[in-house]
């Protein structure tokens, strides 16, 4: 058994933790970032939001099949769904997640449940360990979802039931950095269907709704869906599969308050205000850019002018250099000529010296006459 | 027997020094010799007197002249050459004396020819002259020196060789041809002269007037101090050998021959050593000194043997030569006084726009110390003359800011040099001002030499070089500024380097039209009267014509006005304006 190979699963003790995020194989760490990323549902942080309704409807849908069963909540996160499954009468609930922080939170939230840190691709449980496996919004995070599906199949009893969901890449906002592979509804049905005798795909759409009820009335209300969508247009697809008879499940709707819409309006207004600010900033930046461009153009013109001057100066320098060379040559010739003339002059002066002395010697007798 | 060498009061230093050397030579041969100045010392019956007749008897008052008896015991020491007035004086007095010796061959022969049994006194080496002592390694910072008194002929030949002279380190000391009784910048005496010769490599020698005889005293003084003599051809040179002990040349070539020797130091040294050895070893005065003692001894024995001839008259002093002194122009002589004054007033009334005639150039070669000299130059529209001067300023080793004033409207009779120069001065700012005239040329190192002279003597107000005027064959600016001489001669002019503050303190140049053409002369009169001193740079470092009075100017019309203005300048107050 795989579980034997991996040893005893690590049981997370119940304790009180502060939930700061969610985690899984490709989940961001709970301690990363400034707040919840939305990848893991944390009721304290995300109540009254669409994501709560999405989780509510998936787990309450599963809760209908949980009674008396050993349930594995694969990708349990902070254990919110595990608690619902336990409250729905499950014989035992085991939560699995890759994040220690999430599991610690889960243990505190659902003390009756057991939580184990494990990878969906290598579950530390023996075969046929569970009657019901839920795997909501987790399969898209693992590196090898097919292996994970194999593992989910392995730990189920032959009569067990698997409920697995995935965002529909045709509808879901693209670019989620934590999602490794999002299954199209038909793809998810086919992959799961290969591993079970029976498989049915359910479509999970998001709706804006309005509830009319009296105070004190129960939760029972008649729900009218104005424009039901198709499976292919569903935001999420959920496949219910099993080799035996599939449990009789009915479609569910979970409603949360519309404050998120109010918040969205506020956010929109804030965004609009921010947009104005951004617009102003953009205009300022644009103006600055224009100024920079003008400056750039001026500098470019100045550069051109300087380059032209530089080129002219280089040409002038070349001309002057040539002139200097020419003058040096003339100077060299002149120096040579000067030296030659100096030598000539020196010879002439020497000749003058000698001839004058000779003249003096010849003049001496006629000038001085006989010595007295 | 005592030989008493007597010089006259006011006698020349040259003669006194010569007698001192001869007296030393007499002492060297065992004679008793003493030196005296003034009247003959008291007769002790054992004394014989030695005087230079042409000087002693002219300078000594007649009532102090020695008696005929003493004259009969007097030996005339003759130094003048035949053909000169002083030789005539010598001859006249030798007739009254007991005996005569002569240092020159020609004059000795002439005295004999005239019946006077003169003996030749051969000059030679004297230890009193030797300041060199044969030290071949002694420094000689002067290449060429010249120690002759001023003379038209000498000046002519020096002018003709001025440019060649300027290539060497020269010291030309050209005192006036006067009785020199004391040392002065252009005249060295005794030890100073001999030390100067010991610091000089070559002495130029030119004959004065029509003389051809070698100037033996000067030549010997040079020889014994290792200064090689380059002389114009001379008579009476034996035993000197041309080309061995000294060099000869025709007068216009003495500088070239000197240059040839200077360019061949070995040849120069050989000549120097040969001359020194000849003087020390062969040209001794011992024989002549002994002969002088013998002559004197003979005189004692035959005193009063012959009646004394009558005492000759004292010759009249030579007339003072004219040098551009203000005098009535010949063309103006026929104009009545009133008419001349009207013409002079008309010339004086012309005004000049100083600001409109200023040009300015920066020339010369920066010396690296940032020093700039202002040059003020006045011309009369002759661009060639200005160009010559500017070109010469461009060759100076200092930066020169030339301020040019040209009195374009100047008639030949009047150039407003004073106002124009003062206008140029106001536009300048540098501490030293070179005053130069268009057409004058400064030789390349002239300005640096003048500046160095002023730097070395902070108490001096101005410096100027000698100037050659080759066209006129004249040398001027060759004498120092002297109050008495400035009253007689006009001999100083541009170029002149003067301190600006001094020039400003004395009021700049005179703007009095009466001194047109005499501006520099008038300035020097005022400078000297105010106690300022000028440095005569003893080198010919410029050429060109001297500023002259305009041919039809005020000085020629009413010279008495110009003379009066110059006299006023000597009295000190600022120059007056107006005629």
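No value in this document is a laboratory result; all are computed from the given coordinates. Values in this document were obtained by computation on a predicted structure and should not be read as measured data. We place every Cβ from the backbone using ideal geometry, glycine too, and count neighbours over all the protein chains shown.
Could you work out the relative contact order of chain B? I mean the mean sequence separation of Cα pairs under 8 Å and 6+ apart, divided by the number of residues, in percent. Kindly include the intermediate steps, with their values, before the conclusion.
Values: 1193 pairs, mean separation 76.7, N = 579.
Result for chain B is 13 percent.
Would you kindly state how much longer the chain becomes between residue B:529 and residue B:212 on full extension, computed as 0.36 nm times their sequence separation minus their alpha carbon distance, in nm to one decimal?
Numbers: separation 317, 0.36 × 317 = 114.12 nm, distance 4.15 nm.
Gain on extension, residue B:529 to residue B:212, equals 110.0 nm.
Please report the relative contact order for the range B:190-281, taking Cα pairs under 8 Å with a sequence separation of at least 6, and give it as a percent rounded to a whole number.
29
Can you tell me the 0 to 90 degree angle between the C-alpha axis of helix B:383-394 and the longest principal axis of chain B, rounded to 10?
70
Averaged across B:261-269, how many Cβ atoms of other chains sit within 10 Å of each residue's Cβ atom?
Working: counts 3, 1, 6, 4, 0, 0, 2, 0, 0.
Mean partner shielding for this stretch: 2.
I need the calculated FRET efficiency for the pair residue B:178 and residue B:139, taking r as the beta carbon distance and R₀ as 35 Å, to the nearest 0.05.
0.60
Evaluate the distance, in nm, between pseudo-label points positioned 7 Å from the Cα of residue B:363 and of residue A:276 along their respective Cα→Cβ axes.
8.0
Stretch residue B:488-residue B:501 to full length: gain in nm at 0.36 nm per residue minus the Cα-Cα span? Can you show the working numbers first?
On the way: separation 13, 0.36 × 13 = 4.68 nm, distance 2.80 nm.
Here the answer is 1.9 nm.
Would the range B:417-461 count as rounded, prolate or oblate if I go by the C-alpha gyration tensor, calling it rounded below 1.5 in a/c and otherwise prolate when a/b exceeds b/c, oblate otherwise?
Note, shape of the range B:417-461 comes out oblate.
Quick one: which of B:178-184, B:8-14 comes out on top by average Cβ neighbours within 10 Å, and what's the full order, highest first?
Taking the mean over residues of other Cβ atoms within 10 Å, the ranking is B:8-14, B:178-184.
Can you put B:193, B:327 in order, fewest other beta carbons within 10 Å first?
B:327, B:193
For residue A:214 and residue A:338 in the same chain, what is the full-extension length gain: residue separation times 0.36 nm, less their Cα-Cα distance, in nm?
31.9 nm
Calculated FRET efficiency, residue A:361 and residue B:59, Cβ-Cβ r, R0 41 Å, to nearest 0.05?
Efficiency, rounded to the nearest 0.05: 0.50.
Between the range B:62-131 and the range A:200-219, how far is it from one alpha carbon centroid to the other, in angstrom?
161
What average count of beta carbons from other chains do you get within 10 Å of the Cβ of residues in B:224-236? Could the numbers behind the result be given before it?
Working: counts 0, 0, 0, 0, 0, 0, 2, 1, 2, 6, 5, 6, 4.
Per-residue shielding by partner chains comes out at 2.
For chain A, modelled as a Gaussian network with Cα springs under 10 Å, which listed residue fluctuates most, A:126, A:77, A:216?
A:216
Zone of residue A:304 (label point 7 Å along Cα→Cβ, backbone N under 17 Å): which residues in the range A:281-296?
A:293-296
As I understand it, the value is the acute angle between the Cα axis of helix A:145-155 and the longest principal axis of the Cα atoms of chain A; what does it come to in degrees, rounded to 10?
Helix A:145-155 and the main axis of chain A meet at about 30 degrees.
Per residue of chain B, what 222 nm ellipticity follows from adding -39500 (n - 2.57) for every DSSP H run with n ≥ 4, rounded to the nearest 500?
Theoretical 222 nm ellipticity from helices: -10000 deg cm²/dmol.
Extending each Cα 7 Å along its Cβ direction at residue B:46 and residue A:254, get the distance between those two points in nm, one decimal.
16.2
Highest first, please rank the peptides A:349-359, B:78-88 by the mean number of other Cβ atoms sitting within 10 Å of their residues. Working shown, then result.
Working: A:349-359: 17.2, B:78-88: 19.5.
Ranking, from highest mean packing down: B:78-88, A:349-359.
Compute the Cα gyration tensor for the range B:148-213, then decide on rounded, prolate or oblate, letting a ≥ b ≥ c be the square roots of its eigenvalues: rounded whenever a/c is under 1.5, prolate when a/b is larger than b/c in the other cases, and oblate in all that remain.
On the way: a/c = 1.79, a/b = 1.13, b/c = 1.59.
Cα axes put the range B:148-213 in the oblate bin.
Please say if the range A:158-210 is rounded, prolate or oblate, where rounded means a/c under 1.5 for a ≥ b ≥ c the square roots of the C-alpha gyration tensor eigenvalues, and otherwise the choice is prolate for a/b larger than b/c and oblate otherwise?
Since a/c reaches 1.5 but b/c is at least a/b, the shape of the range A:158-210 is classed as oblate.
Taking the beta-carbon count within 10 Å as an exposure proxy, list A:196, B:509 from fewest neighbours to most. Present the calculation step by step, with values, prior to reporting the outcome.
On the way: A:196 20, B:509 25.
So the ranking, lowest neighbour count to highest, is A:196, B:509.
What nm value, rounded to one decimal, do you get for the distance between residue A:354 and residue A:178 when each label is placed 7 Å out toward the C-beta?
Modelled inter-label distance: 11.6 nm.
If you wrap a convex hull around the Cα atoms of the protein assembly as shown, how much volume per residue is inside, in Å³?
Spelled out: Cα convex hull of the protein assembly as shown, divided by residues, is 381 Å³.
Where does chain A land at 222 nm, in deg cm²/dmol rounded to the nearest 500, when only DSSP H runs of n ≥ 4 count, each adding -39500 (n - 2.57), divided by all residues?
Using -39500 (n - 2.57) per qualifying helix, the result is -16000 deg cm²/dmol.
Ranked by Cβ crowding within 10 angstrom, fewest neighbours first, how are B:114, B:280 ordered?
Ordered from fewest to most neighbouring Cβ atoms within 10 Å, B:114, B:280 come out as B:114, B:280.
Between 0 and 90 degrees, rounded to the nearest ten: what's the tilt of helix A:100-109 against the longest Cα principal axis of chain A?
30
Please give the peptides B:448-455, B:64-71 ranked by average Cβ packing (other Cβ atoms within 10 Å per residue), highest first, as a rough proxy for protection.
Numbers: B:448-455: 19.1, B:64-71: 15.9.
Descending mean neighbour count gives B:448-455, B:64-71.
Would you mind giving the mean number of other chain beta-carbons within 10 Å of the Cβ of each residue in A:346-354, as a whole number?
Average neighbour count from other chains, rounded to a whole number: 6.
Among A:324, A:71, A:256, determine the one that fluctuates most according to a GNM of chain A built with springs between C-alpha atoms less than 10 Å apart.
In the Gaussian network model the winner is A:324.
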